[in-house]
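Below is one structure, written out as structure tokens; comments come after it.
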Amino acid sequence: MITVTVSDITAETSAVKSFRLRRSDGRPFAPYEPGAHVDVVGPSGVTRQYSLCGHPDDTDSYVIAVKREDPSRGGSVALHDEVRPGDELAIGEPRNLFRLEPAAERHVLVAAGIGVTPLLSMAHRLRREGAPFRLHYFASSREKAPFVEFLEGAGFAADVVFHFGIERSEQPEALAHVLSEATDGTHVYTCGPKEFMQRVVDAASGSLPQDHVHIEHFQPLEPASAAGEAFEVELDTGEVFHVPVGCSIVDVLADGGIEVDTSCREGICGTCVLTVLDGEPEHRDNCLSRKEKAAGDQIATCVSRARSPRLVLEL
């Protein structure tokens, strides 16, 4: 974990605040890949994941945005109500499960509300590289759209299209229009409420392959089930553990004295992903891509299980 100092807090909307973070030791941050997020330990001790929404090449500071959730799952209200400039927080190193596709001929970024945050860093990078892209931003109103003033004045403002006040029932038609000119080389990136992201997937399905649509999850689409057959986990150390029905791999390993780093425990952050050396995983996460799941050489050990009697994992 990295100790950071909150240097600035900005009210982006009545419900969203951005926090500019600098390393407390005065050292620079490492550049990060667009789409990355960090774990943030708030005043309540709860760890949550937030996208880095500043310029990915900025080594002086990181920027995150937090929407106040009522009821809160334990993190957003504490950050909104208790954190002030000058306070210190602990954050993890950036992790990226939402990457730009380098082979794409064109990029279409589709955001809803607070879901714009990971797409901001993507827009910064695409602008720097001169890559063709368009950012479509949906929100119920201009007043409820975080970072709208920044986007209106950004160097890539000509590539931003705002869609304000579109009713949910009208979103499928609007999204179909947004994606109507997508070519085979187009890749789509979307973040927002899960229902909105599903509408983007549905709109893209008629013209693009599934692996050309990239989704960022900060909540599971549905709670992961622990049902299924019992199985064994063998580690590359030779130790073997029995994973019964109703227990996760990380919990069984912890009971055996082996700690695997975890954060969300919902299969969305990727902290607990381990390499599969042998056996067939049964994926129940929302952090690995379709391609990664099909390869079968990784597993989110907080929620996923096994189709084979035994998995061999590398610590």
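Every number in this text was worked out from the coordinates using simple rules, so none of it is lab data. The model shown is predicted, which means the values in this text are computed figures rather than measured ones. Neighbour counts are summed over all protein chains in view; Cβ atoms, including those assigned to glycine, are modelled from backbone coordinates with ideal geometry.
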Exercise. If you count the DSSP beta bridges with both ends in the range 231-314, what percent of them are antiparallel, to the nearest 5?
Worked result: 75
Exercise. Using 7 Å Cα-to-Cβ label points, what is the Arg106/Arg128 separation (nm, one decimal)?
Worked result: 2.5
Problem set entry | Segments 265-271, 137-143 sorted - mean Cβ within 10 Å per residue, highest first | 265-271, 137-143
Problem set entry | Set of lysines with alpha-carbon distance to Lys17 below 19 Å, sequence-local pairs under 8 removed | Lys67, Lys144
Seminar exercise, completed: Options (1) 20.7; (2) 21.5; (3) 23.9 for Kirkwood radius over Cα pairs in Å; the value derived from the coordinates is listed as (1)
Problem set entry | Computed helical MRE - 222 nm, the chain, DSSP H runs ≥ 4 contributing -39500 (n - 2.57), nearest 500 | -5000 deg cm²/dmol
For this session: Work from the charge dipole of the range 106-215 (Cβ charges, +1 for Lys and Arg, -1 for Asp and Glu, about the Cα centre) and give the residue of Leu120, Gln198, Thr186 farthest towards its positive end.
Result: Leu120
Exercise. Quick one: net charge of Asp57's neighbours, Cβ under 15 Å, K/R +1, D/E -1?
Worked result: -1
Problem set entry | Summed side-chain charge close to Ser24 - residues other than Ser24 whose Cβ falls under 11 Å, Lys, Arg +1, Asp, Glu -1 | 0
Exercise. So what's the gap between the Cα centers of the range 89-121 and the range 269-315, to the nearest angstrom?
Worked result: 23
For this session: Would you tally the net charge around Arg68, using a Cβ to Cβ cut-off of less than 10 Å, leaving Arg68 out, and scoring K and R as +1, D and E as -1?
Result: -1
Seminar exercise, completed: Note on the chain, DSSP bridge orientation, antiparallel percent to nearest 5 equals 60
